[in-house]
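What follows is a short report on a single structure.
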Amino acid sequence: MVSAPRWLAALTTALGLPENKGQIMYQLASVDANGNPHVRTVGHRGFVEPEGSPNLPLLMSATDIRTPKVAQLLANSTVEIVWWLSGSMEQFRLSGVVRLVPPPEAQLPSPITKVSSLAIDKLDAQGFEWEKKRVEAYDGQPPFLRAGFARPPPGNIIESYDIGKSWPGAVPKFADAQNEEEKHAYERGLHSFALMYIEPVEVDWIQLKERPNRRTKFIRKGEDWAEYIAVP
Ligand SMILES: Cc1cc2nc3c(=O)[nH]c(=O)nc-3n(C[C@H](O)[C@H](O)[C@H](O)COP(=O)(O)O)c2cc1C
């Protein structure tokens, strides 16, 4: 009988603590085709696991298909995230691979090469509905977040901050759209919205409230997680 890795229990416990309320952002690092590093903040959108494999959890987040990180993730699917939970004074650093789920019609900077790894392969074999989840995640977010995907391409240079005043601040779900403009904004956003599924293979957990401080490393070996106590 397989069970969830201890790092996942530690992370979900930390996320549930009142002192960590709202701390759902982590930093995601990727490297580009030249090996240069890039890092940015992204919002956690939940955990996923293949059916019957609680030992193989993934983290889900979202991005805009037009952002530079997409080309980086396509060039090199290896990523690292770091999550500092200031309330409980814990750091979780997870490294692994990412599966990008773009809109099916998206023009990508380079073709998607199949990332092969245990959890992602299992989800594929189980018929996981990647595109359905993408649309559900797009629909499930609040209108102000949806609006972020209906703007011009992120990173484009504009003449003044005021130009942003003409962009929608909220985009309702298609069924709630009041006019054609809101329907177009909904569709525009859906054409830019992508999911990222990170499959960790190594986790480094630091607990600074413990005296002495604690550091624990988890390394996935086959389907099992080996655990080591390390010098903080
Ligand atoms: C608090 C916060 C949360 C953010 N959440 C996300 C997110 O969930 N997804 C995302 O793609 N960008 C998010 N961003 C913006 C990114 O940090 C980054 O600026 C943007 O995605 C462009 O990244 P890139 O140029 O490396 O592709 C967030 C920024 C902040 C400050």
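Contact annotation: residue pairs with Cβ atoms under 6 Å, 6 or more positions apart or on different chains, pairing a residue in the stretch 147-174 that is under 10 Å from Tyr186 (Cβ atoms) and at pLDDT 95 or above with a partner that is in a helix (DSSP H, G or I) and within 15 Å of the ligand (Cβ to nearest atom), are Phe149/Gly189; Phe149/Ser192; Ala150/Gly189; Val171/Arg146; Val171/Ala147; Val171/Gly189. Residues of the stretch 145-174 that are part of a helix (DSSP H, G or I) and in contact with a helix residue (DSSP H, G or I) (Cβ under 9 Å, 6 or more places away or on another chain): Arg146, Ala147, Phe174. Could you tell me which numbered condition Ile24 fails, if it satisfies all but one of (1) in contact (Cβ under 8 Å) with a residue 24 or more places away in the chain; (2) in contact with a helix residue (DSSP H, G or I) (Cβ under 9 Å, 6 or more places away or on another chain); (3) not polar (S, T, N, Q)? It fails just one condition, (1).
Selection within the stretch 207-232: residues that are among the hydrophobic types (A, V, I, L, M, F, W, C) and buried (at least 19 other Cβ atoms within 10 Å of the Cβ). The member of this set that is farthest from Tyr26 (Cα to Cα) is Trp225.
When the stretch 175-206 is filtered for residues that are outside any helix (DSSP H, G or I) and buried (at least 21 other Cβ atoms within 10 Å of the Cβ), the ones remaining, listed by number, are Phe193, Ala194, Leu195, Met196, Tyr197, Ile198, Glu199, Pro200, Val203, Trp205.
Exactly one residue out of Ser77, Ser53, Ser61, Ser3 is of a type in the set (Ser, Thr, Tyr), surrounded by 14 or more Cβ atoms within 10 Å (Cβ to Cβ) and more than 16 Å from the ligand (Cβ to nearest atom): that is Ser53.
Tell me, please, whether a residue that is within 19 Å of Lys217 (Cβ to Cβ) and within 16 Å of the ligand (Cβ to nearest atom) can be found in the stretch 84-93. Yes, that holds for at least one residue.
For the stretch 28-49, taking the residues that are in contact (Cβ under 8 Å) with a residue 60 or more places away in the chain and among the β-branched types (Val, Ile, Thr), the one that is nearest to Val82 (Cα to Cα) is identified as Val42.
The values are calculated or read from the model by the stated rules, or taken from the named source; none is laboratory data. Computed from a predicted structure; not experimentally measured. As a convention, Cβ positions derive from the backbone with ideal geometry for all residues, glycine included, and neighbour counts pool all protein chains shown.
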